Amino acid sequence: MRIAPTRGAAGLAAAIAALACLGPLVAPMDPLEQDLMRVMEPPGARHWLGTDHVGRDVLSRVLAGAPYSLGLALLSVGMSASTGTLLGLVAANSGAAGRAVVMRLADLVLAFPGLLLALLLSGLFGGGVLPMLAGLHLAMWPQYARMADATATSTLREGHVEAARLAGFPEWIILLRHVLPRVLRTLAPLAILGTGQAIMSLAALGFLGLGLRP
């Protein structure tokens, strides 16, 4: 009973990812073609999602823009997760002083709304892809750092890790072989949720004129 919903969700995610990758190829119409005789039409047999204010097919425009939205979202999540994982491992393995520095920095960033940080950074540098990615990266890395720190701290106290230390293995080997795999498994659901969050943030920044150019 618990497996079917998981498979259904995975299948839906795979279908959306496939549409995003093949969007421009499967778009039913030219996303740039205007038809002023069909302005703001409701969804119908010809235009499944209707038309916009200059008569362009909304479904075709959604499919054409999907690779950019999904690609940038995955890139921002990958950057944030990489930074957060690295800092989380450093915090868990550097003693109380190092952990306090990293966690207080994460708390400082988390004190501000994530979208506000991305908006401020994008607006400061005039919008575009790089400021937008930098803003999302700045806003999203603390949640991965805190999760990685909590997972790594508990893993470092387990018996097999202590046995590896007593056997003389270097600390970086212990982190790579015993700690990092568990941290990545813990961060996977957070990264999936973060992808949706990043897509919504990209849409909000685009609506404000600070994201991708039309």
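Matching residues to (1) under 31 Å from the mean Cα position of the chain (by Cα); (2) outside any loop (DSSP other than H, G, I, E, B):
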| site | (1), (2) |
| --- | --- |
| LEU25 | yes, yes |
| ASP30 | yes, no |
| GLU33 | no, no |
| MET37 | no, yes |
| GLY65 | yes, yes |
| TYR68 | yes, yes |
Counting only residues in region 109-150 that are outside any helix (DSSP H, G or I) and farther than 17 Å from ALA203 by Cα, the one most open to solvent (accessible area, probe 1.4 Å) is identified as PHE125
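Considering only region 90-108, how many residues are among the basic types (Lys, Arg) and free of Cβ contacts under 8 Å to residues at least 40 places away in the same chain?
Pass one, region 90-108, residues among the basic types (Lys, Arg): 99, 104.
Narrowing the set further to residues that are free of Cβ contacts under 8 Å to residues at least 40 places away in the same chain leaves 104.
Total satisfying the criteria: 1.
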Conditions (1) hydrophobic (A, V, I, L, M, F, W, C); (2) open to solvent by less than 40 Å² (accessible area, probe 1.4 Å); (3) closer than 13 Å to ALA191 by Cβ; (4) modelled with pLDDT under 95 -> LEU74 fails only (2)
Picking from LEU87, LEU75, LEU12, the residue that is aliphatic (A, V, I, L, M), assigned to a helix (DSSP H, G or I) and in contact (Cβ under 8 Å) with a residue 60 or more places away in the chain would be LEU87
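Determine which member of the set ARG61, ARG38 is open to solvent by 50 Å² or more (accessible area, probe 1.4 Å), at pLDDT 90 or above and touching a strand residue (DSSP E or B) at 6+ places or on another chain (Cβ under 6 Å).
Among ARG61, ARG38, only ARG38 is open to solvent by 50 Å² or more (accessible area, probe 1.4 Å), at pLDDT 90 or above and touching a strand residue (DSSP E or B) at 6+ places or on another chain (Cβ under 6 Å).
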Among residues of region 82-108 being within 17 Å of the chain's Cα centre (by Cα) and open to solvent by less than 20 Å² (accessible area, probe 1.4 Å), the residue nearest to ALA203 (Cα to Cα) is GLY84
Of the listed residues (LEU180, LEU184, LEU166, LEU212), the one being within 30 Å of VAL62 (Cα to Cα) and either open to solvent by 20 Å² or more (accessible area, probe 1.4 Å) or among the hydrophobic types (A, V, I, L, M, F, W, C) (or both) is LEU212
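The values are calculated or read from the model by the stated rules, or taken from the named source; none is laboratory data. Everything numeric here is computed off the predicted structure, so don't read it as measured data. Cβ: placed from backbone, ideal geometry, glycine included. Neighbour counts: every protein chain shown. SASA here: full protein model, heavy atoms, side chains in, ligands and nucleic acids out. Shrake-Rupley method; radii C 1.70, N 1.55, O 1.52, S 1.80 Å.
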